[in-house]
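Below is one structure; the comments refer to it alone.
The values are calculated or read from the model by the stated rules, or taken from the named source; none is laboratory data. The model shown is predicted, which means the values in this text are computed figures rather than measured ones. We place every Cβ from the backbone using ideal geometry, glycine too, and count neighbours over all the protein chains shown.
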Amino acid sequence: MPFKALVDVGFKLPNVVSDDSRIFWQCFLFYNGDYRVKPLYYPVSMDANQGKRLLDTLIQIYKQQRRWAYGVGEIPYAFLGFLKNKKIPLRKKFSFGGELLEGHWNWACGSLILLLFGWLPLILGGYQFTQTLFAYNLPRIVGRILTVAMIGLFSSIYYSFYLLPKKPNKKKPNVIKVALEWFLLPVSMVFFTSLPALDAQTRWMFKRYMAFWPTPKIRKKIIQNEPLF
């Protein structure tokens with residue numbers, strides 16, 4: 001971000017976990033909504049989230065997702081700023097505020113709704129609900145919706161292969177392994193997306209505040225001349 005923007009908002013950033021989103025909202029409010037982020041397409045090199053064992057990696061991924069989802073605390077900060085700043089166009093307040101609210105809600109609830117909506121009402125609704133026409137059609141409707149959604153899944157699988165960089169040794173990628181990773185997406189979306197987000201939001205609700213947790217990285221020893229991809 002421009003150095004002048006840091007000077008204008010006063011350099012200092014409160015001790016918050018989601019520091020990147022907080023500095024954005026500080027600038028957005030300071031410049032009366034005339035501030036945005038543009039992607040910079042540039043190759044980067046960084047360490048992946050990886051532990052010594054598979055279990056360590058899974059735990060670290062959960063904690064990392066929870067730390068990111070802790071940014072739900074920016075909702076009251078941004079909304080209070082919208083109320084105080086009368087110079088921000090109302091259109092931008094609704095657009096940015098709605099995107100912020102919907103994003104965190106969908107982050108925590110979207111996957112769980114898809115998982116539970118088809119059969120949970122039948123269990124909780126009792127005998128009278130199960131005898132209704134809506135209860136009869138509910139699993140079928142949800143099944144058809146998920147079937148149509150598979151189009152997006154298969155499209156993502158195709159483009160993931162298309163965008164993979166070529167290996168230096170010209171070996172073909174493990175197609176089956178990469179495809180199985182995509183079919184595990186429903187599991188990862190529940191356990192490494194929705195649950196960490198619910199964890200973070202519940203901590204806010206019960207005032208069990210988090211501190212910043214740096215993700216530990218374990219760098220494997222790279223054999224000389226070993227391909228990186």
* Asked: What single numbered condition from (1) over 30 Å from Leu55 (Cα atoms); (2) surrounded by 10 or more Cβ atoms within 10 Å (Cβ to Cβ); (3) within 29 Å of the chain's Cα centre (by Cα) fails to hold for Phe129?
  -> (3)
* Asked: Quick check: anything in region 29-52 at positive phi and either surrounded by 15 or more Cβ atoms within 10 Å (Cβ to Cβ) or of a type outside the set (Phe, Trp, Tyr) (or both)?
  -> yes
* To do: Please verify whether region 64-86 includes one or more residues that are at pLDDT below 90 and more than 25 Å from Ala108 (Cβ to Cβ).
  => no
* To do: Considering only region 7-18, state which residues are assigned to a helix (DSSP H, G or I) and surrounded by 13 or more Cβ atoms within 10 Å (Cβ to Cβ).
  => Asp8, Val9
* Asked: Does Lys4 count as exposed (fewer than 12 other Cβ atoms within 10 Å of the Cβ), part of a loop (DSSP other than H, G, I, E, B) and out of contact with any Asp or Glu (no Cβ under 6 Å at 6 or more places or on another chain)?
  -> no
* Are there any helices (runs of 4 or more DSSP H) wholly within region 57-157 with 3 or more residues that are small (Gly, Ala, Ser), in contact (Cβ under 8 Å) with a residue 40 or more places away in the chain and touching a helix residue (DSSP H, G or I) at 6+ places or on another chain (Cβ under 8 Å), and if so which? -> 90-116
* Determine if region 163-174 includes at least one residue that is modelled with pLDDT under 85, hydrophobic (A, V, I, L, M, F, W, C) and not in a loop (DSSP other than H, G, I, E, B). => yes
* Could you list, in sequence order, all residues of region 39-68 that are under 20 Å from the mean Cα position of the chain (by Cα) and among the small types (Gly, Ala, Ser)? => Ala48
* From (1) charged (D, E, K, R); (2) in contact (Cβ under 8 Å) with a residue 24 or more places away in the chain; (3) part of a helix (DSSP H, G or I), pick out the condition that doesn't hold for Asp47. => (3)
